[in-house]
1. So if we plug the beta-carbon distance of Asp141 and Ser378 into 1/(1 + (r/R0)^6) with R0 = 22 Å, what FRET efficiency do we get, rounded to 0.05?
2. Please work out whether the stretch 183-279 counts as rounded, prolate or oblate from its C-alpha gyration tensor, where a ≥ b ≥ c are the square roots of the eigenvalues and a/c under 1.5 means rounded, while otherwise a/b larger than b/c means prolate and anything else oblate?
3. Arg363 to Asp177: FRET efficiency via 1/(1 + (r/R0)^6), r the Cβ-Cβ distance, R0 45 Å, to the nearest 0.05?
4. If each residue of separation counts as 0.36 nm, what is the full-extension length gain between Arg192 and Ala148 once their alpha-carbon separation is subtracted?
5. Can you give me the solvent accessible area of Ser205 with a 1.4 Å probe, rounded to the nearest 10 Å²?
6. Mind checking the dipole of the stretch 278-330: about its Cα centre, +1 per Lys or Arg Cβ, -1 per Asp or Glu Cβ, Debye to the nearest 20?
7. Please list Glu57, Glu374, Glu196, Glu149 from largest to smallest accessible area, probe radius 1.4 Å, with all protein chains kept in place.
8. Could you work out how much longer the chain between Arg81 and Glu223 gets when fully extended? Use 0.36 nm per residue separation minus the Cα distance between them, nm to one decimal.
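The values are calculated or read from the model by the stated rules, or taken from the named source; none is laboratory data. This one's a predicted model, so the numbers in the text were calculated from it and none came from an experiment. A quick note on method: Cβ atoms are made from the backbone with ideal geometry, for glycine too, and the neighbour counts reach across all protein chains shown. Only protein heavy atoms, including side chains, enter the accessible area calculation; ligands, DNA and RNA are left aside. Shrake-Rupley method; radii C 1.70, N 1.55, O 1.52, S 1.80 Å.
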Amino acid sequence: MADRRDVPTIGDVPTIRDVPTIRPFVAFTRCLRRAGLSVPVDSVVHYVRAIDAIGVERDPVYWAGRTVLVRRQEDVGTYDRVFETFWSGGSLRPHPPSSSPDRSPDGRDDEQSRSERGDDEPLRRLALVSYSDVDQLRTKDFAACTPAELEEIFRLLRTRTVRATQRSRRMRRSKRDHGRHDANATMSHALRSGGEIVHLMHRESTWRRRRVVLLCDVSGSMEPYARALLRFLHIAVVGQGRVEAFAVGTRLTRLTRQLSSRDPDAALSQAIERVLDWSGGTRLGEGIGTFNDRYGMPGLARGAIVVVLSDGLDRGDPAHLAEEMARLKRAAHQTIWVNPLKASSGYEPLARGMAAALPHVDRFVEGHSAASLEALVSLIAECE
């Protein structure tokens, strides 16, 4: 069996949500030990907790390891060499003494002997993804991804939070001496210095979360992207923002409750079960009209950022879609249309539905890959 002396247990690392994902980072610490670095178990635990908090982008992972795992300045060069070799897909071949605890009785590396026995095959299949592979997955079209690649993509995206902010009417004392002049606070402060005004006090607006509404097209033309985008909706709903999720096909279906489950598989199954028109026709005008009448105009869309995820291939009346999008734009703070086909070479929004909706859209962006969804999250956060 694999040597588990250096592997943090679930009790040691209570914040880790996906144990297979941490295994390559634990294996990385073993390589550091074999290269001569002193890496105690508590440092491994802190490292894994840091990875869980910051995600698996290359630069944050490098600096988290260098901060937690390197204790001497002279070890920085060795750390850099091991990091580049391990995460670039190469193989580290150190030569530790035969008494090394990571060697098997026959003198071979314990990692090597376990690999020959096949014990690490599930580990490599589940988690050991090099950074070059991660970069390729981030830009790969969802329609071309295998189920395993989609799982890895959304494991990377799970640290993203779909969140927008807006200024609140509530005021607080400013610590930076700007904003509105606060006469009452200024006089109260002056009484402490014998009635002489020596400092002007100010108040500034606080910030609160702005609602985000996601309308996802689940029609037949969106079949290559619908499941991936539904996973994105799940990540958005279970985050810490104010997010509402809907599916639009021939009818409108609210999915916020179904996507609130922390288990992505259970959430996706419940959402698909609730959507009766999955992979059917498209009536975007009727669906958005239903949203406007039942949810949007009564308050859900007012001041919100409304995101429509659709290819714009609508079978309904384009004039009706244009009318409903105009209503939605008047109520919402920002309207964003995310089209997976926009990334295609030579694409132009000539489809009747897309052409009708486009004049009433504030931002028209891509939505075919993990990188495009990351850009969407950033765009939403910038919409103050």
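1. With R0 = 22 Å, the Cβ-Cβ based efficiency is 0.65.
2. Verdict is prolate for the stretch 183-279.
3. Calculated value: 0.80.
4. Extra length from Arg192 to Ala148 when fully extended: 9.2 nm.
5. Spelled out: Ser205, probe radius 1.4 Å, area about 30 Å².
6. Dipole about the Cα centre, nearest 20: 240 debye.
7. Glu196, Glu57, Glu149, Glu374
8. This chain segment gains 46.7 nm when fully extended.
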